[in-house]
Amino acid sequence: MSYTGAVKVGGPPDVHELADLMITKVAVGPMDNNAYLLRCRATGEQLLIDAAAEPRTLIGLIGDGGIASVVTTHRHEDHWSALAEVVAATGATTYAGREDVEGIPVATDVSVDDGGTITVGRVELTARHLVGHTPGSIALVYDDPHGHPHVFTGDCLFPGGPGLTTRPEEFASLMGGLEEKLFGRLPDEAWVYPGHGNDTTIGAERPHLAEWRARGW
């Protein structure tokens, strides 16, 4: 069956098979978060994006091969509540955006800046710092040499709009970052994997940028 990205808490994961990378998406409770396990097909090395919740579920998903690293997209607790248990079980190196490190109670081994790279085996991810939802939120872009890009947006971009902000200046900052660093650089075919809910594409969301700006959220 083809990948849809439609997963539910307690349900099976969904696997997106790319030429060089396997992306496994699973939903975990209690806040219906998405976690993504990336595996380099050439080396078998694995990386987890957001150890959000349900450590037993995530450790079972990881399997006996373990993981080399865990990336936390931002400081909100629902995106790291299983991080301590996952790191204790796997010894993984931890990554997070530099400006959010102080808000994550599990030690961050590597602080990530805009344009920084994180590797999983032979696959390279590029971090894009997006300020607004939190000060140090990062999206991770995989520029697939065999196809279109894939971007893991945490809580910065969802189907239907940007992530939650509380002040107008935060919304303006997040929209500016999204327009410059994602919509301004990625093609319509780029696949978007958000921190909650279903996937989307840059092309599906691009026509609505002016609408989002006008409504202010």
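Laboratory data are not the source of any read-out in this text; all were calculated from the coordinates shown. The structure presented is a predicted model; accordingly, all values stated were derived computationally and were not measured. Virtual Cβ from ideal backbone geometry, glycine too; neighbours counted across all protein chains shown.
Worth a mention:
- At R0 = 30 Å, FRET efficiency that the Cβ-Cβ distance of Ala172 and Asp144 yields, to 0.05: 0.45
- Computed from backbone phi with θ = phi - 60° and the Karplus coefficients 6.51, -1.76 and 1.60, the 3J(HN,Hα) list for segment 119-134 is 10, 10, x, 9, 9, 10, 10, 10, 7, 10, 7, 10, 9, x, 5, 9 Hz; x is used for glycine and proline.
- Relative contact order for segment 14-215: 14 percent, from Cα pairs under 8 Å spaced at least 6 residues apart, divided by residue count.
- If the chain linking Asp64 and Thr117 were pulled fully straight, counting 0.36 nm for each residue of separation and taking away their Cα-Cα distance, it would gain 16.5 nm.
- Here the extension length gained between His196 and Thr93 equals 34.7 nm, from 0.36 nm per residue of separation less the Cα-Cα distance.
- Whole-Hz Karplus values for segment 159-171 come out as x, x, x, x, x, 5, 10, 10, 10, x, 5, 5, 4 Hz, taken residue by residue from phi with 6.51 cos²θ - 1.76 cosθ + 1.60 and θ = phi - 60°; glycine and proline positions read x.
- Compactness relative to 2.2 N^0.38 Å, alpha carbon Rg of segment 139-217: 1.04
- Cβ-derived FRET efficiency at R0 41 Å, Ser2 paired with Ala84, nearest 0.05: 0.70
- The length gained on full extension between Leu164 and Ala210, counted as 0.36 nm times the residue separation minus their Cα-Cα distance, comes to 14.9 nm.
- Distance between modelled label sites at Asp109 and Glu124, nm, 7 Å Cα→Cβ extension: 2.1 nm
- Once the C-beta distance of Glu189 and Arg56 is scaled by a Förster radius of 30 Å, the resulting FRET efficiency is 0.25 to the nearest 0.05.
- Packing here is the average count of other Cβ atoms within 10 Å per residue, and on that basis the peptides 75-81, 194-200, highest first, run 75-81, 194-200.
- Considering only Gly163, Gly11, Gly121, the mean-square fluctuation computed in a Gaussian network model of the chain, springs between alpha carbons under 10 angstrom, is largest for Gly11.
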